[in-house]
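The values are calculated or read from the model by the stated rules, or taken from the named source; none is laboratory data. All of these numbers come straight from a predicted model, not from anything done at the bench. No Cβ is skipped: glycine too gets one built from the backbone with ideal geometry, and neighbour counts run over all protein chains shown. When the accessible area is computed, the model is the full protein with side chains, heavy atoms only, and any ligands, DNA or RNA have been set aside. Shrake-Rupley method; radii C 1.70, N 1.55, O 1.52, S 1.80 Å.
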Amino acid sequence: MAEKKTKKGVYLLPNVLTTFGLFSGFLAIVLATKGQYLESAIAIFVAMLWDTLDGRVARLTNTQSAFGEQYDSMADMLSFCVAPALLVYFWQFEQMGKIGWIGAFIYVAAGALRLARFNTQIGIEDKRYFQGLPSPAAAALIAGLVWTKEFIGTTPYDQYLAMTSWIILVSAGVLMVSNIRYYSFKEINLKGRASFKLLLIAILIIIVVTLWPSAILFTFFFVYALSGLIITIIDVRKKRVLKKNR
């Protein structure tokens with residue numbers, strides 16, 4: 001009986017897009033070390049864009065592979081775990097001493113655990129929901145915070161900024177490793193037909209984001225982070241009502 005030959009080589013297109021995302025995450029770290037915090041935050045959003053594209057392209061072109069899944073996970077670790085933590089550390093935590101780097105490490109460790117758990121659930125998870133806050137969304141929340149504050153400039157409340165940033169960063173880490181459900185948006189069919197109104201709405205959203213990108217993106221991902229908590233509260237209340245009606 002002839003042995004089954006293993007396929008050599010990798011799918012080029014999705015893995016090239018993943019490499020672009022990896023480069024963006026690495027660039028974000030370099031920029032953060034140089035004190036270019038706004039540019040670093042934008043680089044994280046660029047990495048998020050590439051991460052979205054590589055997955056979509058792989059599914060649309062049927063070029064998904066085990067290698068691509070693992071490579072994408074490693075790129076995510078750098079771009080959405082290490083880069084945001086170091087960005088906030090150099091931005092606000094460097095003067096906080098141990099508390100600062102401990103907060104940054106909690107986020108990195110939580111992100112690594114989140115990605116490891118996701119990898120073990122590939123193929124068996126509920127496609128409609130993520131278990132825990134996705135690492136790209138957590139990174140976008142942190143990058144959006146930095147981008148918005150850098151855009152606003154100095155305020156009378158800057159004395160509270162370091163501690164507020166620490167709380168948001170650690171909270172994002174906790175949400176990543178939680179069992180809270182988050183809508184995945186994977187059911188959206190990009191290949192199917194849609195109404196003309198939806199196209200107009202999409203164009204309007206793009207225009208609004210272009211006008212106030214930092215504030216809109218930070219608000220969106222902050223609301224998305226809260227949405228999982230809201231879903232959990234609704235589910236708990238439904239279960240209580242069902243128990244009472246029995």
Check your understanding: Can Asp51 be described as in contact (Cβ under 8 Å) with a residue 60 or more places away in the chain, crowded, with 18+ Cβ neighbours inside 10 Å, acidic (Asp, Glu) and within 17 Å of Gly144 (Cβ to Cβ)?
Key -> yes
**Study point:** Among the residues listed as Ser79, Ser24, Ser73, the single one being surrounded by 18 or more Cβ atoms within 10 Å (Cβ to Cβ), under 13 Å from the mean Cα position of the chain (by Cα) and within 28 Å of Lys127 (Cα to Cα)
**Key:** Ser79
Practice item. Looking only at segment 57-64, decide whether some residue is open to solvent by 50 Å² or more (accessible area, probe 1.4 Å), in contact (Cβ under 8 Å) with a residue 60 or more places away in the chain and over 21 Å from Gly173 (Cβ atoms). Key: yes
Review point. Can we say Leu113 is in a helix (DSSP H, G or I) and either buried (at least 18 other Cβ atoms within 10 Å of the Cβ) or in contact (Cβ under 8 Å) with a residue 60 or more places away in the chain (or both)?
Key: yes
Check your understanding: So which residues in segment 221-246 are within 15 Å of Ile168 (Cα to Cα) and either free of Cβ contacts under 8 Å to residues at least 40 places away in the same chain or touching an Asp or Glu at 6+ places or on another chain (Cβ under 9 Å) (or both)?
Key -> Val223, Leu226
